[in-house]
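Below you'll find the structure, written out as structure tokens, and then a few comments.
Taken together, the values in this text are just the output of simple stated rules run on the coordinates, not laboratory data. The shown structure was predicted, so the numbers you read here are calculated from the model rather than taken from an experiment. Note that each Cβ is placed from the backbone with ideal geometry, even for glycine, and that neighbours are counted across all protein chains shown.
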Number of protein chains: 2
Amino acid sequence: MADISPLAPGRFPDMPVVSGVRLAASACGIKYQDRIDLMLAEFAHGTTAAGVFTKSMTASAPVVICREHLKGGHAGALLVNSGNANAFTGRAGDEAAQRIIEAVADLFPCRPSTVFVSSTGVIGEPLDADKMIGGLPVLRESLSENTWEDAAKAIMTTDTFPKGATRTADIGGGTPVTINGIAKGSGMIAPDMATMLAYVATDAAIPAEVLQAVLEPAVERSFNSITVDSDTSTSDTLMLFATGAGPDHPEITSAADALLGDFTAKLEDLLLDLAHQVVRDGEGATKFITVTVTGAEDDRAARRIGLSIANSPLVKTAVAGEDANWGRIVMAVGKAGERADRDQLVIKIGGVTITEDGKRVDGYDEVPVAAHMKGSEILIEVDVGVDEGGGSATVWTCDLTHGYISINADYRS
Amino acid sequence: MADISPLAPGRFPDMPVVSGVRLAASACGIKYQDRIDLMLAEFAHGTTAAGVFTKSMTASAPVVICREHLKGGHAGALLVNSGNANAFTGRAGDEAAQRIIEAVADLFPCRPSTVFVSSTGVIGEPLDADKMIGGLPVLRESLSENTWEDAAKAIMTTDTFPKGATRTADIGGGTPVTINGIAKGSGMIAPDMATMLAYVATDAAIPAEVLQAVLEPAVERSFNSITVDSDTSTSDTLMLFATGAGPDHPEITSAADALLGDFTAKLEDLLLDLAHQVVRDGEGATKFITVTVTGAEDDRAARRIGLSIANSPLVKTAVAGEDANWGRIVMAVGKAGERADRDQLVIKIGGVTITEDGKRVDGYDEVPVAAHMKGSEILIEVDVGVDEGGGSATVWTCDLTHGYISINADYRS
């Protein structure tokens, strides 16, 4: 196992109970022995579900199934394994996933169409459904409301630490509702091809279509605003479950309902927390980089420019080298293809203005910038100077180091 | 200076004379002393010009000027310096370029609007126009028809070898015409931000608009089909000059003229040769990778899928690690966003079929594939299985190694 990332948070958070959610995790021996690799979640009757999945054109069998099951809007159970992605496994992969779903449905019992599955790990290897099905009865016996950390561990692949976050939110006064989330991801990548998975659950009562409407913009500003290496997994999955088993609150019928304001904000904050943890576990990462873009044509353009900077191998290696190489930032702004006024470009690093009016500021002092580059939290701010543009965005990434190459190249299958 | 790339060709080719072109190179001390860094080309009266430039939204001053001058269709002279990109230098950069152009125009004399300039090297530093202007009289004295290799050396930055290529082409029988080309590039990138520059000249007589029409599709299939690290320079420039000073041939009035068939083919072959040399000098490169894509919706889709594979850090590190990790190729096909049939995908490495019908072939033997991965020329073939799709493309790249990180990160400004 790799050392824990130098950017990891101190410890796994204390996760409160989310009424209506019970979890279990076990070591099923899918790829390694004695490593927790299977997690089961049981949801209270009436739990609603929403989800966002990879845009890959070669999505894995579990992703295809989850998209289909989400149409019903309800969740009875979730089963996630690490060690094998069940991706690119042909018809046998579809059949394995379906057999597992039937077995989980029989276990509770619940409808097969309310069972969600994810797999992460090696790609192209047949998934041993029998091994997983055989482990289900024991898993069910150990279901508990307090197993969030083990569940987070069960979905890890090359992650160096388990990722969790919790928030409470107010919906119309009274007792706050709880939102818990776990995630895995360490780059989109790993020797065996990893993936980003995240599962969030709340005890609030929110209809499925409202849940989906709340989730999508929050994902745009969190998980869709991070990048480790620009590679997209075939299995990326983010699901949100609402059990309705928590404290009473006024009925919610629309995502635009002002009553949902605090919930929406807390959900986005939790997603951002998890997304940042994924970046902090980026393969080989030694620096956490925040890129803000302002003055763009619109927010979408701003995010594209931000991701162009955050995905640039040149920018990422410069940060790894603690080099305030702002010329590479100019390059990355230019290659994004979005409107930018070269002669108005403002670039700041660590809060220090380096360029204005399309050139380096007079008397630029690199000393404070060089000091900032030596830290582990790097801030790059760019204003692209499009006059009428109020577009802005923030994206996050990590640096590109020898560690990344070692993890991904110094390896033989 | 870095060691010569292990993928470099044996030696610089013997370049014949291109009638109507004289070249000179000198060490002008722009960034380093005693290093050839300035090259001047003089073109015969009536020389036509075509060009293709970076699509960057933050293009350098010389690129903006070249685009403008190209509207006239004629070339009198070309001046290229290395050591300073004159990019992101504000109004002072524009003025420096204009002063240099006036000085070159006075030298011969020729019209300023027929003078083309390029600069490559460090970005954001003021360009010392006086130093370059002071060097012009000596340069002019040393103009010669046999200076192609020195000219290729003068435009190098982090390149480890000079790049040249030559072809002869038949236009309507009689004595063949000559096409010579030089290029620089070593990734889009370097400690000081490098660039791709290429200059091609022929002694054929071809009108400017025909030259442009011939050049653009040839660039699509050559320089626009290579990638080292997906980063785009602010200064990328490719120019084609036709002096008309060579052997007589029938008059050319259209790019569609059958008489131009051989010329067009030889030009594309020469551009491909130069483009491959750029990849072979990719920073840290140890493997030259050819990616062919077939069965796509159209050629454009095929090239996007090919570039998605060729730009994937995952695929490139796998090749560096000599690991036939075909799962990463599946991922890269998926993330391209173009139509692909997961259940029809065929992947071959080194000619060996690894996947068919959306899964690994039965009895797949990795031994010959592993042997292929140990070589320095890697072939990846993908058929994305879109039924009606006859789209195909070939792209070229290099692997992503510790050498790349060392060149770009183990450096302080």
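Remarks
- Nearest-0.05 FRET efficiency for B:LEU143 and B:VAL64, computed from C-beta distance (R0 41 Å): 0.90
- From the alpha carbon centroid of the range A:291-319 to that of the range B:31-47 is 36 Å.
- The residue among B:THR157, B:ALA204, B:THR234 whose Cα reaches farthest toward the positive pole of the charge dipole of the range B:153-273, with charges on the beta-carbon of Lys, Arg, Asp and Glu, is B:THR157.
- Computed over the Cα atoms of the protein assembly as shown, pair by distinct pair, the Kirkwood hydrodynamic radius stands at 28.4 angstrom.
- Inter-copy separations for A:PHE12, label at 7 Å along Cα-Cβ, nm, ascending: 6.3
- Simple point charges give the picture: +1 on the Cβ of Lys and Arg, -1 on the Cβ of Asp and Glu, and for chain B a dipole about the Cα centre of about 780 debye.
- Approximate spin-label separation A:ILE4-B:SER254, in nm, with each point projected 7 Å along Cα-to-Cβ: 7.3 nm
- Relative intensity of the range B:317-413 on a log10 scale, I(q)/I(0) at q = 0.23 Å⁻¹, equals -1.27, per a Debye sum over C-alpha point scatterers of equal strength in the absence of solvent.
- MRE, 222 nm, helices only [DSSP H, n ≥ 4, -39500 (n - 2.57), over chain B, to nearest 500]: -9500 deg cm²/dmol
- Alpha carbon convex hull of the range B:1-87, volume per residue in cubic angstrom: 155 Å³
- Scaled radius of gyration (Cα, divided by 2.2 N^0.38 Å) that the range B:257-380 gives: 1.18
- Only Lys, Arg (+1) and Asp, Glu (-1) charged, at Cβ; the range B:53-180 dipole about Cα centre in debye: 360 debye
- Net length gained if the chain between A:VAL367 and A:ASP269 were fully extended (0.36 nm per residue, minus Cα distance): 31.9 nm
- The ratio of the alpha-carbon radius of gyration of the range A:87-241 to the globular-protein estimate 2.2 N^0.38 Å is 1.13.
- Additional length obtainable on full extension of the chain from B:GLU216 to B:ASP298, 0.36 nm per residue less Cα span: 27.7 nm
- In chain B, the sites counted are GluC sites (Glu not before Pro) in DSSP loop states with at most 15 other Cβ atoms within 10 Å, and the longest stretch holding none of them, exclusive of the sites, is B:1-144.
- Size of the range A:21-280 as Cα extents on the principal axes (Å, biggest first): 50, 41, 30
- Share antiparallel - DSSP beta bridges, chain A, percent rounded to 5: 70 percent
- Selection from B:ALA59, B:THR401, B:THR253, by position along the positive dipole direction of chain B (Cβ): B:ALA59
- Listed residue (B:MET373, B:GLY334, B:ILE354) projecting farthest to the positive dipole end of the range B:330-377, Cβ model: B:GLY334
- Each label point was placed 7 Å from the Cα along the Cα-to-Cβ direction; for B:HIS45 and B:GLU209 their separation is 2.5 nm.
- Applied to the range A:41-52, the Karplus parametrisation 6.51 cos²θ - 1.76 cosθ + 1.60 on θ = phi - 60° returns per-residue 3J(HN,Hα) values of 10, 10, 10, 4, 3, x, 5, 9, 9, 9, x, 9 Hz, with x for Gly and Pro.
- Listed values for the range A:119-130 are Karplus-derived 3J(HN,Hα) couplings in whole Hz (6.51 cos²θ - 1.76 cosθ + 1.60, θ = phi - 60°), namely 9, 9, x, 5, 10, x, 9, x, 8, 7, 4, 4, and x replaces Gly and Pro.
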